[in-house]
């Protein structure tokens with residue numbers, strides 16, 4: 001769990017915005033500076049609410065990271081090489097074109113190296129396919145993570161009652 005927490009987007013974002021105080025400390029400073037939190041009881045209530053919110057967001061992010069990991073592991077175990085290799089192939093191809101056209105070309109053009117020409121429509125088609133693929137996959141992971149989180153929450157509530 002330590003690795004997941006160190007990679008946690010909520011922690012990274014709140015630290016970038018609020019510094020070492022994190023989300024709870026940063027928001028509490030704003031609430032106190034604006035006079036919205038005046039009494040120690042209000043401060044305690046607000047801190048608890050913010051802390052619980054931050055924990056819920058961390059749990060959701062951890063669920064998404066676990067879902068991504070599970071998907072990648074399932075694809076890696078597939079017997080169909082194309083299922084687990086298409087993303088790396090596209091990435092390597094894209095990298096090769098960029099390296100060839102923008103890194104090597106200036107140095108080796110005189111030696112006969114030529115730019116790899118990929119028509120704009122082909123790039124657009126590839127970007128659309130990858131964008132839709134990543135978007136729908138990401139959306140599925142978010143939905144699955146939210147449903148797992150809701151299931152866990154309802155199980156905890158059932159046990160409590």
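Any read-out appearing in this document is the output of simple, stated calculations on the displayed coordinates, not a laboratory observation. Keep in mind that what you see is a predicted model, and the values were worked out from it rather than measured. Positions of Cβ are generated from backbone atoms using ideal geometry, with glycine treated the same way; all protein chains shown enter the neighbour counts.
Observations on the model:
- Highest to lowest packing among 118-126, 40-48, scored as the average C-beta count within 10 Å: 40-48, 118-126
- Subtracting the Cα-Cα distance of residue 17 and residue 93 from 0.36 nm times their residue separation leaves 23.7 nm of extension gain.
- Computed extension length for residue 105-residue 68: 9.6 nm, one decimal, from 0.36 nm per residue of separation with the Cα-Cα distance subtracted.
- Stretchable slack from residue 127 to residue 139, in nm (0.36 nm times residue separation minus alpha-carbon distance): 2.6 nm
- Using the Cβ-Cβ distance between residue 82 and residue 115 with R0 = 25 Å, the FRET efficiency computed as 1/(1 + (r/R0)^6) comes to roughly 0.30.
- Computed E for residue 146/residue 38 - FRET, C-beta separation, R0 41 angstrom, nearest 0.05: 0.70
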